[in-house]
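Below: one structure, written as structure tokens.
Just so you know, all these numbers are worked out from the coordinates, no wet-lab data involved. Because the structure is a prediction, the values reported are computed rather than measured. Glycine also receives a Cβ, built like all others from the backbone with ideal geometry; neighbour counts cover every protein chain displayed.
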Amino acid sequence: MERKQKARWTQTVLCVLVLISLVADFVTGQPGATKMYAVIALVLVLILDPVLRLVTKTELSYPVLLADLIFIVEASYLGNKYDFYHRWAGYDIVLHLLSGVLIGLTLYEVFFPEEIRRNTGLLWRLVLLVIICIAAAGFWEILEFFSDIITGGDSQRNLVYEWEFFGREGQNPAIRDSMNDMINGTVGGLASALVVFLRERKAIHDKH
């Protein structure tokens, strides 16, 4: 099956599953914010691939696209619907680590297509990729900030003290959460750079 067909099937299956869950949300009287997150997930699943192809002229590899779409549904909808943030200790940490990895692998394909890879050294590409991931981690926190304002949610942990890698117990929980999220996203970005490094080195070795 061609990559485009796989992408369409993946979009269709995920959209159908989210729609079924959304109908269940209405039947069971879930909060409006939960339904809004479902709609956001649907829109992002539908537009991610075509928008990237239209705007950046980039066609993501299918494994990266699949991981991105599944992550979108889990992070933007399921995590909020089932309140994984408060039910699972460390969920937020894992979420931002994974986001850093996926953002890194996705943006590498967007910013470094084949013609640029041929003309730019691997080291420079990796350095730029890490910088991009750091910026993306900060942008994520800006989105969470405004999401809490619009929806009345608490994705930045203003109301909950929970364990984080860094910080002191007396610090404002939202500050600790935001800083740890950016650090975790950066670590995930470094991990994506390592994956790219190993993959590119293997490709160079295979050519020789």
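Using the Cα centre as the reference, give the magnitude of the dipole from point charges on the C-beta atoms of the chain (Lys, Arg: +1; Asp, Glu: -1; all else neutral), rounded to the nearest 20 debye. Walk me through the numbers before you get to the answer.
Working: 19 positive and 22 negative charges, 168 e Å.
In debye, rounded to 20, the chain gives about 800.
Let's test this: bin the Cα-Cα distances of region 77-129 at 5 Å from zero up to the farthest pair and state each bin's percent.
It works out to 4, 17, 20, 16, 10, 9, 9, 8, 6, 1, in whole percents.
State the answer as a single residue: which of 33, 195, 85 lies farthest towards the positive end of the charge dipole of the chain, with beta carbon charges of +1 for Lys and Arg and -1 for Asp and Glu, about the Cα centre.
Going by the charge dipole, the pick is 195.
In Å and from the alpha-carbon atoms only, list the Rg and Dmax of region 1-82.
Rg and Dmax of region 1-82, Cα atoms, are 13.5, 42 Å.
Label points 7 Å out from Cα along the Cβ direction at residue 53 and residue 203: separation in nm?
Calculated label separation equals 2.1 nm.
Summing +1 for each Lys or Arg and -1 for each Asp or Glu, what net charge is found among the other residues whose Cβ lies under 13 Å from the Cβ of residue 7?
On the way: positive: 3, 4, 6, 8, 53; negative: 2, 49, 59, 68.
Net local charge, residue 7 excluded: +1.
How much of the calculated P(r) for the chain lies past 20 Å, in percent of all Cα pairs?
On the way: 13407 of 21528 pairs.
Result: 62 percent of Cα pairs exceed 20 Å.
For residue 35, give me every one of the lysines with a C-alpha distance below 19 angstrom, ignoring sequence neighbours fewer than eight places off in its own chain.
Cα-Cα hits under 19 Å: 81.
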